[in-house]
1. Normalising by the residue count of region 278-360, find the relative contact order in percent from Cα pairs under 8 Å and 6+ residues apart.
2. Could you please put 65, 245, 116 in sequence from largest to smallest accessible area, using a 1.4 Å probe?
3. Could you tally the net charge around residue 332, taking each other residue with its Cβ under 13 Å from the Cβ of residue 332, Lys/Arg +1 and Asp/Glu -1?
4. Determine the alpha carbon to alpha carbon distance for each of 218/252; 100/240; 94/208 and list only those over 27 Å.
5. Ordering 207, 338 by accessible area with a probe of 1.4 Å, largest first, what comes out?
6. Between residue 192 and residue 297, with labels modelled 7 Å along Cα→Cβ, what's the label distance in nm to one decimal, could you check?
7. How much length would be gained if the chain were fully extended between residue 113 and residue 242, taking 0.36 nm per residue of separation minus their Cα-Cα distance, in nm to one decimal?
8. Ordering 312, 79 by how much accessible area each has at a 1.4 Å probe, largest first, what is the list?
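The values are calculated or read from the model by the stated rules, or taken from the named source; none is laboratory data. Because the structure is a prediction, the values reported are computed rather than measured. FYI the Cβ positions are ideal-geometry reconstructions off the backbone, even for glycines, and counts take in every protein chain you see. In case anyone asks, the SASA skips ligands and DNA or RNA and just uses the protein heavy atoms, side chains included. Shrake-Rupley method; radii C 1.70, N 1.55, O 1.52, S 1.80 Å.
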Amino acid sequence: QQGPKVVKTTYVLRKNLPTPWHRAEQAHRHPLPKKDSATSELKTMQGNIAQALPPWQVTRAVLGWLEEDVPSMDIGGFVVGETPTTALLYGKSKGILCGKVFFDAVFKALDCTVEWMEGMEDGAVLSPPVPSKATTYPNQGKQDETDREQSIKVHVATVKGKARHILLGERTALNILTRASGIATISRASVDIGRRAGWHGTIAGTRKTTPGFRMVEKYALLIGGAATHRQDLSQMVMLKDNHVWSTGSITKAVKAARGVGSFSIKIEVECQTLSQAQEAGAAGADVIMLDNFAPPQLKETAALVKSQYPHVVIEASGGITTETLEEYFSPHVDVISRGSLTQGYPALDFSLKIVPLGTR
């Protein structure tokens with residue numbers, strides 16, 4: 001019988017530079033012409049979302065993460081040397097796979113190849129088998145633990161390259177994959193709650209992201225089916241209490257923002273009361289955030305604001321959890337944003353294991 005199909009991605013870089021990631025950096029600055037790339041080939045449930053990622057930003061981010069992890073010598077790499085080696089990527093917890101484009105980029109910088117098992121695209125559901133309580137393991141001690149571990153994980157991908165290069169990228173690649181998959185998983189769960197309830201609106205993240213890791217976290221929100229919200233301070237104007245206090249009123253703040261942003265920038269105003277929301281609507285805000293409203297108060301306020309300013313997008317935010325999410329659904333609430341989607345999310349469990357000598 002034929003074994004499971006794999007999708008193989010092979011990378012070719014210049015060979016005359018001192019270190020693997022310096023070679024990657026040089027190839028980025030003077031790229032060889034190629035019809036395809038890991039990014040353009042990425043397929044997800046929502047489409048080619050990875051094509052929205054600027055390739056040079058992915059490369060630059062990955063090189064920075066590798067250099068952070070190896071600022072000088074890698075003595076462990078000296079120990080294992082440059083023997084051609086194979087390592088297997090295993091998923092060990094249930095959730096949504098996310099982060100392939102970054103995982104690939106790490107090993108591209110290290111002259112390794114990555115072969116993904118069939119169906120293992122970003123957005124795929126990982127469902128490692130769970131052995132029943134009746135399952136027995138005939139061996140004792142460490143071998144028994146190994147047998148049990150083998151039964152509760154799924155083969156996701158295979159990495160091939162020099163031993164030290166695989167180990168140079170192992171932890172960086174796993175850190176990205178576990179966190180991106182965790183965000184995609186909790187995002188998908190929230191989106192699914194809205195779909196089951198028949199709610200028309202959008203689940204979104206916030207700008208509460210990890211410095212230096214925002215690109216991955218925003219990408220993971222999309223893979224999970226959620227919206228990114230604004231990417232950064234330059235994308236949309238959000239006028240919060242500090243802006244209002246500094247200018248004197250919501251009306252003045254909106255007017256000042258509109259004077260610079262004109263028609264091309266949306267303006268959102270954070271409001272804590274109905275009167276603030278009404279002032280924001282009258283001032284010309286595009287989005288009104290009802291912040292930290294209790295569900296009954298939220299629904300009442302949203303209905304009143306929508307009746308007066310039907311063009312305005314109503315966003316609910318503040319203290320909303322997976323458990324309480326459904327309480328905030330309303331035909332008058334268009335967006336529910338949750339900072340917890342990129343803060344405090346549970347990471348999925350992956351491992352990358354070298355195939356022992358003699359068994360390859």
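1. Answer for region 278-360 is 27 percent.
2. Descending accessible area places them as 245, 65, 116.
3. Local net charge: -1.
4. 218/252; 100/240
5. Largest accessible area first, the residues go 207, 338.
6. 3.3
7. Length difference between fully extended and current span is 41.5 nm.
8. 79, 312
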